[in-house]
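Contents: one structure, followed by commentary.
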Amino acid sequence: MLISQTLKRIAEQIDRVGGNPILVGGAVRDHLLGNEIKDIDIEVFNLSVDQLTGILNEFGRTSVVGKAFGVLKVSVDGMDFDFSLPRKDQKTGVGNKGFPVETDPEMTFKKAASRRDFT
């Protein structure tokens, strides 16, 4: 499958420079349920936004879709992948914009996973 080969190459490069890429979100859920995977989200530990951007630029057009959130989108061979850094946020207001966000590449997986919805 082209998606898995492409994602494997990107993950190997991230790993090669000391990053730790982990598939998260809807792709994991869809795989476990046997559904078609539509969204590919990868959380990358141990790299800065700039380091991750440099790696992703080697594979395709990379867009910062939320630098404050540490989210990068890379398009490779017509496929889009979303990469993010672990982040911590704290609700300070109303709605989706009522919280400051801080990326933390050194955050543990357990801590990063604590903010995710596993339903």
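The values are calculated or read from the model by the stated rules, or taken from the named source; none is laboratory data. Since we're looking at a predicted model, the values are computed, not measured. When we count neighbours, we look across all protein chains shown, and the Cβ atoms used for this are built from the backbone with ideal geometry, even at glycine. Please note that ligands, DNA and RNA were not included when accessible areas were found on the heavy atoms of the full protein model with its side chains. Shrake-Rupley method; radii C 1.70, N 1.55, O 1.52, S 1.80 Å.
Things worth noting here:
- Residues within the range 1-11 that are open to solvent by 80 Å² or more (accessible area, probe 1.4 Å) and part of a helix (DSSP H, G or I), tallied: 4
- Residue in the range 63-73 that is at pLDDT 90 or above and in a helix (DSSP H, G or I) present: no
- Those residues of the range 20-62 which are over 23 Å from T108 (Cβ atoms), part of a loop (DSSP other than H, G, I, E, B) and not aliphatic (A, V, I, L, M), in sequence order: G34, N35, E36, K38, D39, E58, F59, G60
- The range 74-111 - residue that is at pLDDT below 70 and small (G, A, S) and, of those, surrounded by the fewest Cβ atoms within 10 Å (Cβ to Cβ): G95
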